[in-house]
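The values are calculated or read from the model by the stated rules, or taken from the named source; none is laboratory data. Values in this document were obtained by computation on a predicted structure and should not be read as measured data. Don't worry about glycine lacking a Cβ; one is built from the backbone with ideal geometry, like all the others, and counts go over all protein chains shown.
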Amino acid sequence: MAHVVGIDLGTTNSLVAQMRGDRPEIIANEAGKRLTPSIVGLDKHDKIHVGDTARNQLVAMPERTVAEVKRLMGSPAKIKLGAREYTPQEISAFILKRLKDDAERSLGESVAEAIITVPAYFTDAQRQATKDAGELAGFKVDRILNEPTAAALAYGLDHLDKEQFVLVYDLGGGTFDVSVLEMFEGVLDVKASAGNNHLGGGDFDRAIADWLAREFETAHGIDLRKDVKAMVRLKQAAEQAKMELSSLSATNIMLPFIAVKGAEPLSLELELTRARLEELIGAMIRSTLEPVESALRDAKLDKSRITDVVLVGGSSRIPLVQALLAEHFGKEARRGVNPDEAIALGAAVQAGLKSGAISTERGIMITDVCPFTLGVEVVANTGSQRMGGMFSPIIPRNSTVPVSRTEVYSTTADQQRIVDIKVYQGESRLTKNNTFLDSYSIDGIPPAPAGHEKVAITFTYDVNGILNCKTKIVSTGKEAMLVVDKSAQRMSDGEKGEAKERLEGEWKGEKKQATGDGRPATGNDEAIIVAAKAKLDSVDAMNKAKLEKLVGEFEKGDAATRAKIDRELTNLLFELD
């Protein structure tokens, strides 16, 4: 039986899972960890690193390291790592390659197919970019699965006999989703989804880091926000403090040698309380209630009918999130599913259904919805005036997929021979406020007065988010078709083939072009070097030799070496103070 794995391609961390028997399980990475940081780095020898090794070089070489690439999926952004340039799909492909290698190492054979999850509120372009990334990594990607739906699968595996409405609240590292589902007799029927593609734990980390920078500037007159390496350290410290405050009421943040003023190295030491954290991020967390209410309205349900609220995503561990939901729904949220792992586990269940690892006798079936309204641009009559740029919906948001809908439109000009169809997604009545997807035309309309000839436009939307458009001239039967499975940033088959070959070579380290031997220590590196050199004349011979050795190794070392020496130097300097 061919192996199909489930993958949670996350903003902060990524996971891969498989079915073992009738239960899904996470596949640990090469280091034995269940979560792989979604970070990609290029060391000074032009070798690609993914996960913890890339994270280790983030402070030393931020210009050669990238994190949170998921936020750029579907955009035209270019990512520079040293002298190389990548698309978001290519960076994501490296992360997926790491997961693929881990799965193959664990299973002892090749894995050719994957179910990859995306936020429910991802746009068409973002979904297609994710599919492209999977293909660049060497996977066959037949199914893109919405993250809350995957989490519901993981939850529902142990609740197949229950009839209930469930709300999945998914607050991850970079995105927020909420889905409302009905569960009955093994069926998981998604009723509605909503969310925010630009809200997550990373935003909370940045709010904390910004507060730390402001406090440091007040105390020392130095703006750390102008120092890239300092901000990387601040954001890492902010993330750690945020996690600690899920169980503590206060935590100390200490960053030694964060800057230099004159010849004096400066350190940052501040206490962050849970109360202050809630002041910093409270508005962002409270803003998640609007999509929650939107999903309930679209599902035509009152919140009192929700049996369980299922928490997904690492940021759902924040006490304020849990308190807010408990107050809103009048009940504690369910914590039975690991928030970090639920999505990957649910993707593995879907993979098991596809591969046959889960018997059809278990009766598991899922439905999903189209998260955005899909339609066309039209000219509308408003009294005696005609207004262009109006949006005419064909498939309303939260329609169960697969779905097919048809709307009939009339010509707007006398003797009109051609109709241009512009396809959009969004919720505004004006197309300028929505997202343009694609366009096509149909000609050969018989000449007639305005409004006499009709065209029927049919949209068909499948479970992978691919939209098929068909326009038919009603009087003649002539048809024109368009498949919206691309965006302006999507690669052609030829480009994909070239990129796949190039990435494979870089992954295997076959291309090793020299790009220099690193840079002199600057920024935060300079602070610790200044502090170490300042100590040389005030310590005994043995410690002086230690300091000189560590400084020398630091200045000559690569990112991993610098990270290791940084810790050793920091500990030694504290001992000598």
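Miscellaneous remarks
- Contact annotation: residue pairs with Cβ atoms under 9 Å, 6 or more positions apart or on different chains, pairing a residue in segment 39-60 that is at positive phi with a partner that is part of a loop (DSSP other than H, G, I, E, B) and crowded, with 23+ Cβ neighbours inside 10 Å, are Gly51/Asn29; Gly51/Ser38.
- Criterion violated by Ile116 - all others in (1) part of a loop (DSSP other than H, G, I, E, B); (2) closer than 22 Å to Gly200 by Cβ; (3) of a type in the set (Val, Ile, Thr) satisfied: (1)
- Top-ranked residue of segment 358-388 - restricted to ones that are among the small types (Gly, Ala, Ser) and farther than 24 Å from Val401 by Cβ, ranked as farthest from the chain's Cα centre (by Cα): Ser384
- Leu167 meets the stated requirement of being buried (at least 17 other Cβ atoms within 10 Å of the Cβ), at pLDDT 95 or above, under 24 Å from Gly313 (Cα atoms) and in the same structural domain as Leu320 (by TED's automatic domain parsing).
- Comparison of Leu320, Leu234 shows that the only residue that is touching a strand residue (DSSP E or B) at 6+ places or on another chain (Cβ under 8 Å), in a helix (DSSP H, G or I) and not assigned by TED's automatic domain parsing to the domain that holds Lys533 is Leu234.
- Failed criterion for Glu85 (all others in (1) touching a residue at least 24 places away in the same chain (Cβ under 8 Å); (2) surrounded by fewer than 23 Cβ atoms within 10 Å (Cβ to Cβ); (3) not in a helix (DSSP H, G or I) hold): (1)
- Residue match in segment 334-352 (condition: at negative phi, surrounded by fewer than 20 Cβ atoms within 10 Å (Cβ to Cβ) and assigned to a strand (DSSP E or B)): yes
- Options Arg84, Arg127; residue that is closer than 30 Å to Phe184 by Cβ and basic (Lys, Arg): Arg127
- The lone criterion from (1) assigned to a loop (DSSP other than H, G, I, E, B); (2) at positive phi left unmet by Phe257 is number (1).
- Out of Glu30, Glu25, sole residue that is closer than 22 Å to Asp170 by Cβ and more than 15 Å from the chain's Cα centre (by Cα): Glu25
- Residue that is nearest to the chain's Cα centre (by Cα) [pool: residues in segment 398-444 that are part of a loop (DSSP other than H, G, I, E, B) and basic (Lys, Arg)]: Arg429
- Given (1) more than 24 Å from the chain's Cα centre (by Cα); (2) among the hydroxyl-bearing types (Ser, Thr, Tyr); (3) surrounded by 14 or more Cβ atoms within 10 Å (Cβ to Cβ); (4) closer than 25 Å to Val166 by Cα, index of the condition Ser304 fails: (3)
- In segment 1-41, of all residues being modelled with pLDDT under 95, of a type in the set (A, V, I, L, M, F, W, C) and assigned to a strand (DSSP E or B), the one that is surrounded by the most Cβ atoms within 10 Å (Cβ to Cβ) corresponds to Val4.
- Residue in segment 194-202 that is assigned to a helix (DSSP H, G or I) and either closer than 18 Å to Leu72 by Cα or not assigned by TED's automatic domain parsing to the domain that holds Glu278 (or both) present: yes
Results for (1) small (Gly, Ala, Ser); (2) within 23 Å of Gly202 (Cβ to Cβ), shown as yes or no for each residue.
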{"site": "Asp227", "(1), (2)": "no, yes"}
{"site": "Ala230", "(1), (2)": "yes, yes"}
{"site": "Leu234", "(1), (2)": "no, yes"}
{"site": "Ala237", "(1), (2)": "yes, yes"}
{"site": "Glu244", "(1), (2)": "no, yes"}
{"site": "Ile253", "(1), (2)": "no, yes"}
{"site": "Val260", "(1), (2)": "no, no"}
{"site": "Pro265", "(1), (2)": "no, no"}
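- Which numbered condition Ala488 fails, given (1) among the hydrophobic types (A, V, I, L, M, F, W, C); (2) modelled with pLDDT under 85; (3) surrounded by 17 or more Cβ atoms within 10 Å (Cβ to Cβ); (4) not in a helix (DSSP H, G or I): (3)
- Filter result for the condition that a residue is closer than 27 Å to Gln126 by Cβ and among the hydrophobic types (A, V, I, L, M, F, W, C), over Ala54, Ala60, Ala83: Ala54
Results for (1) in the same structural domain as Gly156 (by TED's automatic domain parsing); (2) modelled with pLDDT of 95 or more, shown as yes or no for each residue.
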site	(1), (2)
Leu296	yes, yes
Glu327	yes, yes
Arg335	yes, no
Pro339	yes, no
Leu345	yes, yes
Gly356	yes, no
Ser359	yes, no
Arg362	yes, no
Met387	no, no
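- Pair list, Cβ under 8 Å, 6 or more apart: segment 527-544 residue closer than 28 Å to Ala230 by Cα, other residue in a helix (DSSP H, G or I) and among the hydroxyl-bearing types (Ser, Thr, Tyr): Ile528/Thr570
- Within segment 373-385, the set of residues being at pLDDT below 90 and not in a strand (DSSP E or B) comprises Gly383, Ser384.
- Scanning segment 392-407 finds no residues that are modelled with pLDDT under 95 and within 23 Å of Asp420 (Cα to Cα).
- Looking only at segment 112-137, and only at residues there that are closer than 18 Å to Arg98 by Cα and of a type outside the set (A, V, I, L, M), the one that is surrounded by the fewest Cβ atoms within 10 Å (Cβ to Cβ): Glu113
- Scope segment 254-281; condition of a type outside the set (Asp, Glu) and under 19 Å from Ser315 (Cβ atoms); matching residues: Leu272, Thr273, Arg274, Ala275, Arg276, Leu277, Leu280, Ile281
- The requirement of being farther than 26 Å from Thr149 by Cβ, at pLDDT 95 or above and of a type in the set (Lys, Arg) is fulfilled somewhere in segment 269-287, by at least one residue.
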